[in-house]
Every structure is written in C-alpha cells, then in structure tokens.
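All remarks here apply to the structure that follows.
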Amino acid sequence: MEVVLLPTPADCGQVVADAVQAALTGAAGPPAPAVIGLATGSSPLLAYRELVRRHREEGLSFAAVEAFLLDEYVGLPAGHPESYREVIRRELTDAVGIDPARVHGPDGSAPDPLAAATAYEERLRAAGPVAVQLLGIGANGHIGFNEPGSSLGSRTRVKTLTEQTRADNARFFGGDVDAVPRHVLTQGLGTILRAEHLVLVATGAAKAAPVAAAVEGPLTASVPASVLQLHPHVTVVVDEAAGSRLERAGHYRYVLEHKLADQGW
Ligand code: GLP
C-alpha cells in the first residue's frame, strides 16, 4: 500500500484527481467505457472540484464513463437531496457531463432492499472490474458503510448503521440524528476488493486514528478499512493532520520523495 502524505487537503484533491484521470486516459486509452467507483461524504469533495475544473478547462472527458456508487441510505425517496445518488449528481456527475443513466447506485428506495442489494452486486459484476474506486474512511474505520464487524469477504448487502455514524452524518440532515436512516445498502468489503485500484482519501485530525489503524494496525473486521492491506494496488492519500498518527510517516515521505519517474499512482 502506498501512503501519500501531503501538506494540505487541496494537495490530496490533486493526487486523487490524478488517479481518476489515469483511469480515464490510461497509456493506450481505455478500450471500453471506463468504470469508476465514486464515494460520497466530504473527503473526496476537493478531488471532485478538481475533476470538474479539468473537465471545463482542460477538456478531460467523462463521456465514456460508467460510474458506480459505494453505498446508499435505505428509505430515502428517490430524489431526496441527501440520497447519495443526488449528492453525487450535485457534486460531480452533472458538472462533468456523465449521463444520469450511466450513474449507478444501490436502490435505497426499492420496496425490497435485500433484493436491491443482490441486484446491485450483479450489476457491478456485469460491468466488469471498477478501474479506480475512491474511498473515504469513517471515524470508526468504516469504508462505504461497512461498519466494524463487517465480514472481510462481504458483498453488497443491507447494513445497520452504528449510532456514531448516524451522529456523524446528522450534519447532512440539519443536525437531526433522527432524520438519518438506520439502514443502508453498501458494497461489501469483498466487493470493494475487486476494483483494480483503491484510492482512500482522508483529511483532518478526526481521521488520524482510523487511518493509523487501517494502515499500520492488524488486519481485522473491527477496523473494516484494514482490509485494504489485502489488495495489491492501494493508494492512501492523507494530509498532515490525518497522517499525524502514522508511525512510519518518515518512511512514507522518503518513498514519495524518491519515487521513480514512471511509477505513477
Ligand atoms: C460516510 C460514507 C462513507 C464515507 C465516510 C466518511 O458515512 N458512507 O462512504 O467515506 O462516512 O465521511 P466523510 O468523508 O464525510 O468524513
């Protein structure tokens, strides 16, 4: 796993945008529509802003992109402003011109959420491997909505949120914890591991402990993000604050400084 420690959140946004751009414009150009995996939450927002800028000012094209979301709340009606489908439309996909028909997410408004989970897993499989999957990390070490205790081999399924996660996300619901749904649909940890390149971004001191546990702690379902240690191509992009509890910080900086010219992300 490559840990990229950078001075500011804006620097993190640049590197994450570079990783997405690499998936869209790989050396020989992508042969088929590029499949990218998008995350919601505040962590990837600066990267999204940078991708929008590159689209507008540098002509970065998303025309052949299929986008898949990590997770979704259960029970919010379609079109609810805090449903992740709406959030991603607002924050990225409309602005870079991805046709809404090519933006996929688990259907949290389906009458049968269990069936919706299975259907989404199948849809992801049929679309082929996700070239690059963006991830944030929760204060308790979750990725997607895989809360502590999630099976390391899990597939897309219904999960029940911890009270901590509901409290953390209440800020998106006007501070009203009761308005945050209890249940969610999320890609499983095993589902996430099928993507070709995983890019986790975290900024701010509140993420320092979960980042350290995920990167340098033991592989354990108690810290779902530690499952990234099993994947062959992971980039963890953190600012100084989020990386402040990493014991090997000096080594990560040294590696970055001595990166070979064509090593890429
Ligand atoms: C949310 C999302 C995750 C996100 C994480 C961190 O609940 N389901 O996909 O990565 O928690 O959120 P934030 O980036 O806002 O800190």
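Observations, loosely collected:
- All alpha carbon pair distances within segment 1-74 were sorted into 10 Å bins beginning at 0; the resulting P(r) in whole percents reads 17, 48, 31, 5.
- About its Cα centre, the dipole of the chain is roughly 200 debye, where the only charges are +1 on Lys and Arg Cβ and -1 on Asp and Glu Cβ.
- The chain: relative contact order in percent, alpha carbon pairs under 8 Å with at least 6 residues between: 24 percent
- Probe 1.4 Å, accessible area per residue of the chain, Å²: 43 Å²
- According to the Cα-based calculation, Rg over Rh for segment 193-265 is 0.96, with Rh computed by the Kirkwood formula.
- Over the chain, equivalent-ellipsoid semi-axes from the Cα gyration tensor in Å: 26, 23, 18
- GluC sites (Glu not before Pro) restricted to DSSP loop in segment 223-261 with at most 10 other C-beta within 10 Å: 247
- Length gained when the stretch residue 127-residue 61 is fully extended (0.36 nm per residue, less Cα-Cα span): 21.8 nm
- Simple rule: put +1 on each Lys or Arg Cβ and -1 on each Asp or Glu Cβ in the chain, find the dipole, and look at 136, 55, 117; the Cα lying farthest toward the positive end is 117.
- Residue by residue, segment 216-223 carries 3J(HN,Hα) couplings of 10, x, x, 5, 7, 5, 6, 10 Hz when phi is fed to the Karplus relation 6.51 cos²θ - 1.76 cosθ + 1.60 (θ = phi - 60°); x denotes Gly or Pro.
- Whole-Å distance, taken between Cα centres, linking segment 87-114 and segment 200-244: 27 Å
- Spin-label model distance (nm) - residue 99 vs residue 219, 7 Å beyond Cα toward Cβ: 4.1 nm
- Distance (nanometres) between label positions extended 7 Å along Cα→Cβ at residue 151 and residue 254: 4.1 nm
- Label-to-label distance, nm, for residues given as residue 78 and residue 206 (7 Å Cα→Cβ offset): 3.2 nm
- Label zone at residue 230 (point 7 Å along Cα-to-Cβ), backbone N below 14 Å, segment 183-206: 188-195
- Measuring between their Cα centroids, segment 174-196 and segment 31-73 lie 19 Å from each other.
The values are calculated or read from the model by the stated rules, or taken from the named source; none is laboratory data. No experiment lies behind these values; they were computed from the predicted model shown. Heads up, the Cβs are rebuilt from the backbone with ideal geometry, glycines too, and the neighbour counts pull from every protein chain shown. Just the protein is used for accessible areas: all its heavy atoms, side chains included, with ligands, DNA and RNA removed. Shrake-Rupley method; radii C 1.70, N 1.55, O 1.52, S 1.80 Å.
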